[in-house]
Amino acid sequence: MQLPDDAPIIGVPMCVKHLDNHNFHTVGEKYLTALIEQDGPDERVPLCRIEYLGDDEDWGFAIYSPATDTYTDALLYTGTPTGHPTDAFDTAALVHLADYTK
């Protein structure tokens, strides 16, 4: 099928990085969610939002607030506002999951 000459061109940014052994699309924000396996339906618990800042080791971090159903910029357990996605998960899991230990 031929597109008309005046058809708009839509670009979708794509940037794939490797974190550990996994491909990870780095454009935009990512949301980390815990999956709680239990009797009956599994429960999904929102944890945090991370944002790619151009460096695999330095991601923005916002913690999920169940009281307001929003994400708020916060410090990682390391004391910094940005860091590795693993630090973001550890911080959010320590806040939201009672049995989680780092």
Using the beta-carbon distance between V95 and E57 and R0 = 25 Å, what value does 1/(1 + (r/R0)^6) give for FRET efficiency, to the nearest 0.05?
0.70
Put in order of increasing Cβ neighbours within 10 Å, starting from the fewest, I50, I36, I63 give I36, I63, I50
If packing is taken as the average number of other Cβ atoms within 10 Å across a peptide's residues, how do 96-102, 53-59 rank, most packed first?
53-59, 96-102
Rounded if a/c is under 1.5, else prolate if a/b is larger than b/c, else oblate: which is region 26-96, with a ≥ b ≥ c the root eigenvalues of its Cα gyration tensor?
prolate
Grab the other residues whose beta carbon is less than 13 angstrom from that of E37, score K and R as +1, D and E as -1, and report the net.
-3
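Can you tell me how much longer the chain between K102 and Y31 gets when fully stretched, taken as 0.36 nm per residue apart minus their C-alpha distance, in nm with one decimal?
23.6 nm
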Go through 76-86, 38-48 and give me the packing order, highest mean Cβ count within 10 Å leading.
76-86, 38-48
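Where a number appears in this text, it was derived from the coordinates with a stated rule and is not lab data. Everything numeric here is computed off the predicted structure, so don't read it as measured data. Neighbour counts are summed over all protein chains in view; Cβ atoms, including those assigned to glycine, are modelled from backbone coordinates with ideal geometry.
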